[in-house]
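The values are calculated or read from the model by the stated rules, or taken from the named source; none is laboratory data. Remember, predicted model here, so these are calculated numbers, not experimental data. Note: ideal-geometry Cβ built from the backbone for every residue, glycine included; neighbour counts use all protein chains shown.
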Amino acid sequence: MLFVCFGLGAPGCFSVDSDSDAETEGTEDGADTADATGTADDETEESSGAGDDDAAQACEAYCEIIGDHCEDDQAQYSGGTLCESTCTFMAPGNSDDALGNTVGCRTTHALRAAEQPDTHCSHAGPTGAGTCGGTCESFCSLALEICVGDLEQWPDADACVADCSAWNPEPLYDASVPDADTYACHMRHLTLAAAQADPHCDHLGPDSPVCRDD
């Protein structure tokens, strides 16, 4: 487990699972038991399916709430499809989370945004705004999940955080920020990449042809 600290926005650290080449080999007896009972694989599939359904429902609820409460210059996504696409790469967390880089925390603050959108829409959005995750924590945890393989922009979390910390934090992020050499621009293209990795992963990376000042 790798722990990474970031500097843009509220200070903090986050963890990224390191790659492992280790493979677990089942015993012959274990395989025979699973085949004979028919329960091991079935239970695993049922558990995984239930988790996927719960996560999808949590994202659907989150995106409906933030879409209703954070509009116009407070909008955090350019439509529900981008919200749900981005949400699928977030840690679910718990429904009562008020802090942390999770869907649960963002949903909590999306609900609070009904009364105080100026404060809570940014907390509920993809950046986390230092409440539902630090800004670079939120960005890099998503970028390393969304842009992979030939579309990879950073080799690891350390490299991502180093670049992210150097980006201009102004203006604050919303879904309509213009293209410029800012954190907000990189984050906007990251939400676009969640739905269409090619070409938007190249747009959010360190050599972005769009998030720069000409």
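Inspection of the range 151-171 finds no residue satisfying the criterion of being touching a residue at least 40 places away in the same chain (Cβ under 8 Å), of a type outside the set (A, V, I, L, M, F, W, C), part of a helix (DSSP H, G or I) and under 20 Å from C83 (Cβ atoms). Evaluate the following for S78: is it in contact with a strand residue (DSSP E or B) (Cβ under 8 Å, 6 or more places away or on another chain), closer than 21 Å to L204 by Cβ and of a type outside the set (D, E, K, R)? Against the criterion (in contact with a strand residue (DSSP E or B) (Cβ under 8 Å, 6 or more places away or on another chain), closer than 21 Å to L204 by Cβ and of a type outside the set (D, E, K, R)), S78 does not qualify. Taking the criterion of being aromatic (F, W, Y) and part of a helix (DSSP H, G or I), no residue of the range 80-109 qualifies. Contact annotation: no residue pair with Cβ atoms under 7 Å, 6 or more positions apart or on different chains, pairs a residue in the range 108-120 that is crowded, with 24+ Cβ neighbours inside 10 Å and among the acidic types (D, E) with a partner that is modelled with pLDDT of 95 or more and not in a loop (DSSP other than H, G, I, E, B). Would you be able to say whether some residue in the range 126-148 is more than 24 Å from L99 (Cα to Cα) and either under 16 Å from the mean Cα position of the chain (by Cα) or not in a helix (DSSP H, G or I) (or both)? Taking every residue of the range 126-148 in turn, at least one turns out to be more than 24 Å from L99 (Cα to Cα) and either under 16 Å from the mean Cα position of the chain (by Cα) or not in a helix (DSSP H, G or I) (or both).
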